[in-house]
1. Quick check: anything in region 71-88 of a type outside the set (A, V, I, L, M, F, W, C), more than 13 Å from Pro46 (Cβ to Cβ), surrounded by fewer than 14 Cβ atoms within 10 Å (Cβ to Cβ) and modelled with pLDDT of 95 or more?
2. Of these, Leu52, Leu31, which one is modelled with pLDDT of 95 or more and within 17 Å of Val94 (Cβ to Cβ)?
3. One residue is enough: does region 27-40 have a residue meeting the conditions closer than 23 Å to Ala69 by Cβ, of a type in the set (Gly, Ala, Ser) and surrounded by fewer than 18 Cβ atoms within 10 Å (Cβ to Cβ)?
4. As an exercise: evaluate Glu104 against (1) out of contact with any helix residue (DSSP H, G or I) (no Cβ under 6 Å at 6 or more places or on another chain); (2) surrounded by 12 or more Cβ atoms within 10 Å (Cβ to Cβ) and give the number of the one condition it does not meet.
5. Among (1) surrounded by 13 or more Cβ atoms within 10 Å (Cβ to Cβ); (2) outside any strand (DSSP E or B), which single condition is Arg48 missing?
6. In this structure, does Cys33 turn out to be without any contact (Cβ under 8 Å) to a residue 24 or more places away in the chain and hydrophobic (A, V, I, L, M, F, W, C)?
7. Name the residue that is surrounded by the most Cβ atoms within 10 Å (Cβ to Cβ), counting only residues in region 2-22 that are in a loop (DSSP other than H, G, I, E, B) and touching a residue at least 40 places away in the same chain (Cβ under 8 Å).
Amino acid sequence: MSRFVRVGTRAEFEASDTGKLVEVEGRRIALFCVDGGYYAIDDVCPHRGGPLSEGSLAGDEVTCPFHGAQFNVKTGAVTAAPAQHGVKTFPVRVTGDDVEVGIE
């Protein structure tokens with residue numbers, strides 16, 4: 001069962017064409033706001049360690065700034081090479097104006 005940790009407010013994550021880096025208990029997580037929904041994935045690209053929170057966001061796909069691998073921010077699935085596998089996703093919930101990420 002996930003334990004939720006506050007990572008910021010809705011205003012901090014809305015209206016961005018990139019993600020935002022949040023750190024939860026030493027883990028780097030990229031958080032994205034897409035069409036009013038919040039999604040969290042591992043910040044580290046499995047190809048060469050690029051910071052996905054700094055990648056460009058188009059719809060529900062983020063492009064790694066290092067080598068162009070693409071990932072669906074809702075599912076964590078890789079959608080374009082050179083990465084060979086997807087990234088971990090984390091549950092996100094909104095409580096009032098607070099955005100919280102679930103960790104195990």
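1. No: zero hits.
2. Leu31
3. Taking region 27-40 first, the residues closer than 23 Å to Ala69 by Cβ are 27-35, 37-40.
Checking which are of a type in the set (Gly, Ala, Ser) leaves us with 30, 37, 40.
Filter again for surrounded by fewer than 18 Cβ atoms within 10 Å (Cβ to Cβ), leaving 37.
Looking through region 27-40, at least one residue is closer than 23 Å to Ala69 by Cβ, of a type in the set (Gly, Ala, Ser) and surrounded by fewer than 18 Cβ atoms within 10 Å (Cβ to Cβ).
4. For Glu104, the failing item is (2).
5. Condition (1) is where Arg48 drops out.
6. Working: without any contact (Cβ under 8 Å) to a residue 24 or more places away in the chain: yes; hydrophobic (A, V, I, L, M, F, W, C): yes.
It is true that Cys33 is without any contact (Cβ under 8 Å) to a residue 24 or more places away in the chain and hydrophobic (A, V, I, L, M, F, W, C).
7. Start the filter on region 2-22 by keeping residues that are in a loop (DSSP other than H, G, I, E, B), which leaves 2, 14-17, 19.
Okay, now just the ones that are also touching a residue at least 40 places away in the same chain (Cβ under 8 Å), so 2, 16-17, 19.
Values: Ser2: 12, Ser16: 12, Asp17: 8, Gly19: 26.
Of everything passing the filter in region 2-22, Gly19 is surrounded by the most Cβ atoms within 10 Å (Cβ to Cβ).
Residues are listed down the side, and each one gets a yes or a no for (1) of a type in the set (S, T, N, Q); (2) assigned to a strand (DSSP E or B); (3) closer than 25 Å to Glu25 by Cβ:
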site	(1), (2), (3)
Gly68	no, no, no
Phe71	no, yes, yes
Gly76	no, no, yes
His85	no, no, yes
Arg93	no, yes, yes
Glu100	no, yes, yes
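The values are calculated or read from the model by the stated rules, or taken from the named source; none is laboratory data. Quick caveat: nothing in here was measured; it's all calculated off a predicted structure. When we count neighbours, we look across all protein chains shown, and the Cβ atoms used for this are built from the backbone with ideal geometry, even at glycine.
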